[in-house]
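The values are calculated or read from the model by the stated rules, or taken from the named source; none is laboratory data. None of the values given here were measured: they were computed from a predicted structure. Virtual Cβ from ideal backbone geometry, glycine too; neighbours counted across all protein chains shown. Ligands, DNA and RNA are excluded from the accessible area calculation, which covers all protein heavy atoms including side chains. Shrake-Rupley method; radii C 1.70, N 1.55, O 1.52, S 1.80 Å.
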Amino acid sequence: MASGVKPRVKVPKSASAGDVITIKTLISHKMESGQRKDDDGNVIPRSIINRFTVDFNGQNVIDVTLEPAISTNPYFEFDSQVPEAGEFTFTWYDDDGDVYTETKAIAIG
Amino acid sequence: MKRASSLAFGLACLASAVHAQDTESKLVINDDIDITTVAEAPAHAENLSEIYSGWAFRSPETMALQMDDFDNPGMIFVDQALDAYNTVEGSAGKSCQSCHGDDAEGLVGARAVYPKWNANAGEVWTMEMAINGCRTERMGAEPWGYTSGNMVNMTALISSVSRGMPVNVSFEGPEHDTWLQGKELYYTRTGQLELSCANCHEDNYDMMIRADHLSQGQINGFPTYRLKNAKLNAVHSRFKGCIRDTRAETYSPGSPEFVALELYVASRGNGLSVEGPSVRN
Amino acid sequence: MQLTRRQTLLMGAAAGFLATLPLKARATAEDLIADFAGGADIGEGGIDLTAPEIAENGNTVPISVDAPGATAIMVLAMGNPTPAVCTFKFGPLAGSQSASTRIRLAGTQDVIALAKMGDGSVVQTSATVKVTIGGCGG
């Protein structure tokens, strides 16, 4: 699944120190559940993103465990504190060992 | 006998109108782009008084997915298309960007007028045919499959930059014969169920077909991200699905029949906004 | 262990609820709930689960959970072949103990959300989602 995986992340460009902001994330991934069968009746092996984490300047915001019941192209929306200027790091962990990361800076102003 | 069986089918499928299409809610994308989802029917859609985007027939949760580009999963594929748009391919050493500018700015408005008569080719071209025309004639690249991932993604990008503009497809010029052919197809019953496009989408829109709220079959929102298969769907794929569901052998995506049908169906939506990539069930 | 009348009623209600689940899912859901609760009694209140009453397609059902003061929220779909859906753990910089996502539901069923609070207590809520069958093609 390493090819064609594309994260989208929405973070405001700036905030006031101490603000709570809403973050939205979406990543393209088929999230093969392991429950489906191919045309020959063989089970299609599970292949999903199993974990998603968000950190800000090294401190954790949210850590999500994903199961096969999460829809194709996983979407998350959540809130984060912004104590100072810095950088968000978004990390998606694939069953196949691939790790996808995206970073977004936020300014105080 | 024919009449009796189609009546029974009608009763089974269209038992009740549970809820009317939503003509009150307004679709504004990103708090910025106003989308016309209800309009007066154009004169050539002679059996309709008002036209409605498919958006108005969906549940509040599905409608909400289209109001913000970060909620709309179809926009992932617009991003992917933008990468392809900026990639140089083919013997001419060009990308889409080389001619059409950054972020498809040179293509603003194109979606609203396609399918469109192409004088050089002497036929009506869909957006897909125009894209492949660019690829083979100007870029010297291989054409894309008509409903391939690359192709449907690119049509989503080109549509996205025209969102909010009124669909305004021409049908009275040199393309008129093709339009008439499309109109004939629209009203032709096909398959073991003997259903035409009009039987569902003109005669019975707003009724329930099993648990699904039948729309007018407008195509201003294509390509559309379907919750069902979690990907972008091209309009010819939708035509194929509908005709297959009448239990008929279908035409192929990209066939002259589907090009004609697309021109006719698009023209029935003149006045609605370009909406793609939309989100549907 | 002394039980209040309220706790006893709740346990009875929970047992009755679990008894209605299909056998296959029950064992796993019970295990997941027991693991998550870590021995704490399961209460009510303080957790919201927002889900559509009717989902147009079971493949993509939007849900939100919100439990102020929670350290973690687990979501289960009791009618799925495997009931686990996701678990949110909130870090020190979480701006709220709430999150939204989109989930797959194999059919009409109950979705339940459990929150583990900062004091170790656990609360639960549930919502029934009807999954409809589409038009011609389903």
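On the stretch given as the stretch A:54-77, residues that are at the interface with chain C (Cβ under 7 Å from one of its Cβ atoms), closer than 19 Å to residue B:76 by Cβ and in a strand (DSSP E or B) total 6.
Restricting to the stretch B:46-68, name every residue that is away from chain C (no Cβ under 14 Å) and either in contact with a Ser or Thr (Cβ under 8 Å, 6 or more places away or on another chain) or surrounded by fewer than 19 Cβ atoms within 10 Å (Cβ to Cβ) (or both). Residues satisfying the conditions are B:46, B:47, B:48, B:49, B:50, B:52, B:53. Residues that are among the hydrophobic types (A, V, I, L, M, F, W, C) and modelled with pLDDT of 90 or more within the stretch A:1-38 comprise A:9, A:11, A:15, A:17, A:20, A:21, A:23, A:26, A:27, A:31, listed in sequence order.
When the residues of the stretch B:33-44 are filtered to those that are outside any loop (DSSP other than H, G, I, E, B) and among the β-branched types (Val, Ile, Thr), the one that is least open to solvent (accessible area, probe 1.4 Å) is B:35. For the stretch C:61-138, the strands (runs of 3 or more DSSP E) that sit wholly inside it and include 1 or more residues that are facing another protein chain (nearest Cβ under 8 Å) are C:61-66, C:70-77, C:84-90, C:94-103. With respect to residue A:91, is the statement that it is open to solvent by 40 Å² or more (accessible area, probe 1.4 Å), more than 10 Å from chain C (Cβ to nearest Cβ) and under 30 Å from residue B:150 (Cα atoms) true? No, not satisfied.
In this structure, residue B:126 does not qualify as more than 17 Å from residue B:218 (Cα to Cα) and not basic (Lys, Arg). Which members of the stretch B:45-76 meet the condition of being in a loop (DSSP other than H, G, I, E, B), touching a residue at least 40 places away in the same chain (Cβ under 8 Å) and hydroxyl-bearing (Ser, Thr, Tyr)? Scanning the stretch B:45-76 gives B:53, B:59. Of the numbered criteria (1) within 28 Å of residue B:164 (Cβ to Cβ); (2) at pLDDT below 95; (3) in contact with a strand residue (DSSP E or B) (Cβ under 7 Å, 6 or more places away or on another chain), the one residue B:246 fails is (1). Reported count of residues in the stretch B:142-160, each being part of a loop (DSSP other than H, G, I, E, B) and either buried (at least 19 other Cβ atoms within 10 Å of the Cβ) or without any contact (Cβ under 8 Å) to a residue 24 or more places away in the chain (or both), is 6.
Kindly indicate whether any position in the stretch B:105-124 is touching a strand residue (DSSP E or B) at 6+ places or on another chain (Cβ under 7 Å), open to solvent by less than 10 Å² (accessible area, probe 1.4 Å) and within 14 Å of chain A (Cβ to nearest Cβ). There is no residue in the stretch B:105-124 that is touching a strand residue (DSSP E or B) at 6+ places or on another chain (Cβ under 7 Å), open to solvent by less than 10 Å² (accessible area, probe 1.4 Å) and within 14 Å of chain A (Cβ to nearest Cβ).
Checking each residue of the stretch B:167-182 against the condition of being at pLDDT 95 or above, at positive phi and either buried (at least 18 other Cβ atoms within 10 Å of the Cβ) or outside any loop (DSSP other than H, G, I, E, B) (or both) gives no match.
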